[in-house]
Amino acid sequence: MIRLTNLGGREFVLNADYIETIESKPDTLIKLFNEKKYIVKESVDEVIQRVVEYKRKISVPVPKLPRKEGE
C-alpha cells in the first residue's frame, strides 16, 4: 500500500499491486486493473518511487535449500 494525495489535498492509501498505468496529463493519472482511475498531486516519478519502496518492504528473501550430495 502506498500513501498518495488527491487534488483536494486529502491523503489516501492505494494498493500498489493493482496499478496498471501511471500517466502525466499534466496531473498524474493512475489507472488500476479494474478500470478505476485516480488523479493525484504526486508526480509520476514520486508514485513509481513509492511503489518501489513498497515492493522492497514486502519482498521476502527466499531461503537457500540445502544441496544434496553430488549437486
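A short reminder: the numbers here are calculations on the coordinates, not readings from a lab. Remember, predicted model here, so these are calculated numbers, not experimental data. Methodologically, a virtual Cβ is constructed for each residue, glycine included, from the backbone with ideal geometry; neighbour enumeration extends over all protein chains shown.
Quote the FRET efficiency, to the nearest 0.05, computed for Glu46 versus Phe12 with a Förster distance R0 of 25 Å and r equal to the Cβ-Cβ distance. Approximately 0.95, to the nearest 0.05.
In the distance distribution for the chain, Cα-Cα pairs more than 18 Å apart total 45 percent.
Counting neighbouring Cβ atoms within 10 Å and putting the fewest first, the residues Lys37, Lys25, Lys31 line up as Lys25, Lys37, Lys31.
Give the residues of the stretch 47-61 whose amide nitrogen is closer than 12 Å to a point set 7 Å from the Cα of Lys36 in the direction of its Cβ. In the stretch 47-61, the label zone of Lys36 (backbone N under 12 Å from the point 7 Å along Cα→Cβ) covers no residue.
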